[in-house]
Structures are given as C-alpha cells and as structure tokens.
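Input: a single structure, listed below in structure tokens.
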Amino acid sequence: MSAVCRATEHRPTRTLASNKSVGRDSVEQIGKSFFDINLAPSNTSEIARRRLLSRRGEPLFYANWDKVIFIHYETDPRELQRCIPYQLDFYKGRAFVSLVAFTMRGMRPRFGGRIGELLLRPIATHDFLNVRTYVRHKGEPAIYFMREWLSSRMATWLGPWSFGLPYRFGRIEYQPSPGYGLASEQEHEDQRLGKIEADAGSFHFCATFEVNDLGICAPGSLDEFLLERYTAFTQFRKCRRFFRIWHEPWQQVPARIQIAADNLIHSTGRWWRDARCMGASYSPAVNVWMGWPHVVNSFGVVSSAGEELIL
C-alpha cells in the first residue's frame with residue numbers, strides 16, 4: 001500500500017521565545033497548588049508544569065525526545081470509542097488517532113545521582129512508535145496509548161507493570177533520507193525515514209518538512225489539541241493508572257508523509273477501517289520531565305502513596 005498524506009492546511013503557529021531554562025533538570029518549588037493559580041487557558045504547557053509539580057516527589061525521570069514525527073488520522077468516533085476504556089475527547093466533534101515516531105535519549109531518574117543514572121542506562125535510549133488517541137477523564141484532557149512499539153526488549157517488559165503501558169517489541173530504524181536536501185530547490189527541506197517491523201506487521205513512512213519554519217501551536221487550534229497533551233491514562237489488565245509529563249511547547253512544522261506499509265497499525269483496532277490521514281508534523285527535539293505512575297479508581301485519582309486527588 002502506498003499513500004501520501006500532507007497537512008490539510010498550514011495551520012497558524014507562534015514563534016517560541018528563547019528560554020535559558022529549557023533543558024534544565026532542576027525542579028523549582030511551587031508555593032501554591034495548581035488549583036489555586038489563575039492561568040490563561042491557552043497557556044497549556046505552563047498549566048501542565050504546575051499541575052505536575054503540585055504533587056510531592058514529581059517528576060520521576062528526565063529524558064530527551066528527538067526527531068519526532070506526528071501522523072494524525074481522523075476516524076469514526078463510535079468505532080474508536082469501542083476500542084478505548086476512557087471517554088474520548090473531541091475537537092469540534094471530531095475524533096483522532098495519532099502515530100508518534102521518535103527516539104528517546106538519556107532517560108535518567110531525578111533521584112539517585114550518578115548511580116541512579118547508571119542503573120537506568122540499559123533502557124535509557126531507544127526508539128518508539130506510539131499509537132495514541134485523545135481522552136478526557138474527570139475533566140482532565142489526556143492521551144490514551146492504544147499500542148506502543150519499542151526497540152528495547154527490557155523496556156517492553158517493565159512498561160506494562162510499572163505504568164500500565166501497552167508495550168510491544170519492534171525492530172525500528174529511523175534515519176534521514178540519504179542525499180536529500182543537496183539540490184538547490186531542496187536546500188530548506190529535510191526528510192526522515194521510518195521503518196518498523198513487528199510480529200503484527202510493518203509500518204514504513206517518509207516525512208518531508210521545512211527545517212527553517214518551526215513555530216508553536218496557536219491557542220485553540222487543532223495542532224494544539226493534538227500535540228499539547230501532558231497527561232496519559234492507561235489500563236493494564238484491570239488496573240487503571242495515569243501519569244503526567246512536562247516540557248516546553250512543541251516547536252513544530254507541518255510535514256508531508258508518504259506511507260509505504262501500514263498493516264502494523266491495523267492491528268490496533270477496527271477504528272482503522274474508516275480512518276483517513278489528516279496531516280502530519282515534525283519537531284526536532286524536546287526535553288521532558290516524566291512523572292510517577294498513580295492509580296485511578298472510581299472515586300478519583302489515588303497515588304501509589306495513597307494520597308487522593310479529585311480531578
């Protein structure tokens with residue numbers, strides 16, 4: 001199968017101002033709870049940072065996510081809801097599934113110093129292909145991972161038991177397109193190739209994007225809805241969990257996607273039958289704070305330490 005997917009429109013973005021704090025590992029203390037702070041609703045990243053740090057002991061890990069490709073599909077909401085244990089979140093009544101291909105580098109614990117970093121080194125760097133959709137639980141917008149393929153066998157064993165993540169092993173290869181961009185008409189463009197092979201099938205893509213056209217998502221846009229998500233709800237067997245992350249707003253640019261093989265994605269559910277590609281985007285990198293996993297019950301959200309937070 002061969003398909004070409006490009007952004008349906010060049011959606012508005014904002015230029016991200018430089019910030020010397022980007023990439024710092026230090027966590028600043030917050031004097032007030034997130035829920036006592038009045039923030040502009042469009043300032044999604046700042047709201048997420050304060051929400052994460054409102055819980056004692058956060059974050060758990062630091063990491064870098066490099067060369068990120070987002071591929072977005074719109075699908076039938078009723079068919080998608082049958083695949084998801086949480087209530088779907090919609091953008092103007094529309095339901096979406098996104099594929100996210102990237103490399104995680106340098107994952108390290110916030111605690112433990114050099115020893116902790118050495119203990120985590122075997123799973124600190126590996127490739128991902130995530131299949132995620134958009135949910136809302138007790139008023140909080142979030143993502144739900146339908147499936148995730150990783151290039152680390154060790155991480156695929158740890159993820160379900162710790163965070164409730166649906167990890168599978170995959171042979172993953174991400175690389176730039178050889179020789180692309182050398183011609184004068186292509187000097188401002190770049191390409192990224194992806195090849196994922198797993199027991200359930202294959203997914204091959206080629207992303208083309210303007211390397212000098214980065215911006216952040218405009219408030220209220222579809223891009224912001226799809227990219228600026230900082231909470232994940234999961235389910236492993238009968239146990240529901242959630243965890244939060246934080247990073248600076250995504251610096252991203254629309255991308256054109258050519259898909260040569262996609263039967264791997266068909267294995268994630270019947271939502272695929274009515275799906276159509278709506279667009280794609282590329283981000284060079286982001287530095288991430290990753291939070292602890294917490295348990296969800298029918299009364300609210302309860303941390304592993306037994307602290308209760310009603311959303």
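The values are calculated or read from the model by the stated rules, or taken from the named source; none is laboratory data. Please read these numbers as outputs of a predicted model, since none were measured by experiment. Cβ sites come from the backbone with ideal geometry, for glycine too, and all protein chains shown count toward neighbours. Accessible surface areas use protein heavy atoms only, side chains included; no ligands, DNA or RNA. Shrake-Rupley method; radii C 1.70, N 1.55, O 1.52, S 1.80 Å.
In the stretch 267-283, is there at least one residue being among the aliphatic types (A, V, I, L, M) and touching a Pro at 6+ places or on another chain (Cβ under 8 Å)?
yes
Of all residues in the stretch 57-78, which are acidic (Asp, Glu) and open to solvent by 20 Å² or more (accessible area, probe 1.4 Å)?
Across the stretch 57-78, the qualifying residues are Asp66, Glu74, Asp76.
Determine whether Leu88 is closer than 29 Å to Gly116 by Cβ and of a type in the set (A, V, I, L, M, F, W, C).
It is false that Leu88 is closer than 29 Å to Gly116 by Cβ and of a type in the set (A, V, I, L, M, F, W, C).
Looking for whichever is at pLDDT below 95 and more than 18 Å from Phe70 (Cβ to Cβ) here; the options are Glu185, Glu189, Glu197. Which one fits?
Glu185
Restricting to the stretch 246-301, count the residues that are touching a strand residue (DSSP E or B) at 6+ places or on another chain (Cβ under 8 Å) and in a helix (DSSP H, G or I).
7
State which residue is surrounded by the most Cβ atoms within 10 Å (Cβ to Cβ) when the search covers only the stretch 186-219 and only residues that are touching a Ser or Thr at 6+ places or on another chain (Cβ under 7 Å) and outside any strand (DSSP E or B).
Ala200
Any chance you could count how many residues in the stretch 45-56 are open to solvent by 30 Å² or more (accessible area, probe 1.4 Å) and in a loop (DSSP other than H, G, I, E, B)?
2
Looking at Pro85, Pro122, which is the one that is more than 24 Å from Val288 (Cβ to Cβ) and either out of contact with any Leu (no Cβ under 9 Å at 6 or more places or on another chain) or crowded, with 20+ Cβ neighbours inside 10 Å (or both)?
Step by step, each of Pro85, Pro122 is checked, and only Pro85 is more than 24 Å from Val288 (Cβ to Cβ) and either out of contact with any Leu (no Cβ under 9 Å at 6 or more places or on another chain) or crowded, with 20+ Cβ neighbours inside 10 Å (or both).
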